[in-house]
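Report on the following structure.
The values are calculated or read from the model by the stated rules, or taken from the named source; none is laboratory data. From a predicted model like this one, the values you see are computed outputs, not experimental measurements. Using ideal geometry, Cβ is built from the backbone for each residue, glycine included, and neighbour counts are taken over all protein chains shown.
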Amino acid sequence: MEIILREDVPNLGFKDDIVNVKPGYARNFLIPKGLGILAVSSEKKKLAETIKQRAFKEEKIKKEAQALADKIKDVTVKVGAKAGTSGKIFGSVNSLQIAEAIKAQFEIDIDRKKIVVDGDSVKEVGTYSAKINLHREVKVDLKFEVIAE
């Protein structure tokens, strides 16, 4: 079943993408939550017109995202966490703490939802990497170091 996405859906697609999904997923999740609509011919025509009008604005946003990616691609962010003597931290480091550290150290405001930490979770002191999705076509890898406070 073809669906036009109204919002970005993780692991499925971005806003205004036409994706094929199973009918149950579309009827029971995407359509009731307002995340997608059926891709009938009239909706496809509306989508084509909308995309054509938005192309100029999208290019500007992409350039800003690329400039931001160039700023942060070679930096290492230090994230402080309380840790025991063996190097294990109490709790774990998540995307919210990384976003706050980036803002504090480099004065760059990044939404925590755009940060994806590689691996399951960060529970020890050390150097890790995260992927930041600034735009659908602009992704950057960020190295961060967890240090004991």
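Select from region 121-149 the residues that are among the hydroxyl-bearing types (Ser, Thr, Tyr) and assigned to a strand (DSSP E or B) and write down the one among them that is surrounded by the most Cβ atoms within 10 Å (Cβ to Cβ).
Filtering first and then ranking leaves Tyr128.
Which pairs turn up if I take residues in region 120-137 that are more than 30 Å from Lys60 (Cβ to Cβ) and in the same structural domain as Ile110 (by TED's automatic domain parsing) and look for partners that are part of a strand (DSSP E or B) and of a type in the set (S, T, N, Q) with beta carbon separation below 7 Å, at least 6 apart in sequence or on another chain?
Ser121/Ser92; Val122/Ser92; Lys123/Ser92
Yes or no: region 70-92 includes at least one residue that is under 24 Å from Asp8 (Cβ atoms) and either in contact with a Gly (Cβ under 9 Å, 6 or more places away or on another chain) or free of Cβ contacts under 8 Å to residues at least 24 places away in the same chain (or both).
yes
Consider region 82-99. How many of its residues are surrounded by 14 or more Cβ atoms within 10 Å (Cβ to Cβ) and more than 18 Å from Gly119 (Cα to Cα)?
Qualifying residue count for the region: 1.
Within the group Lys71, Lys45, which residue is among the basic types (Lys, Arg) and under 22 Å from Tyr128 (Cα atoms)?
Numbers: Lys45 fails: under 22 Å from Tyr128 (Cα atoms).
After ruling out the rest, the residue left standing is Lys71.
Being surrounded by 15 or more Cβ atoms within 10 Å (Cβ to Cβ), more than 20 Å from the chain's Cα centre (by Cα) and touching a residue at least 24 places away in the same chain (Cβ under 8 Å) is the filter here; which residues of region 5-42 pass it?
The answer is Ala26, Ile31, Ile37, Ala39.
Which of the residues belonging to region 124-149 are over 30 Å from Leu5 (Cβ atoms), in contact with a Phe, Trp or Tyr (Cβ under 9 Å, 6 or more places away or on another chain) and either modelled with pLDDT under 90 or among the hydroxyl-bearing types (Ser, Thr, Tyr) (or both)?
Thr127, Tyr128, listed by residue number.
Quick one: which residue in Glu64, Glu49, Glu2, Glu59 is without any contact (Cβ under 8 Å) to a residue 12 or more places away in the chain, out of contact with any Leu (no Cβ under 6 Å at 6 or more places or on another chain) and surrounded by 11 or more Cβ atoms within 10 Å (Cβ to Cβ)?
Answer to the selection: Glu64.
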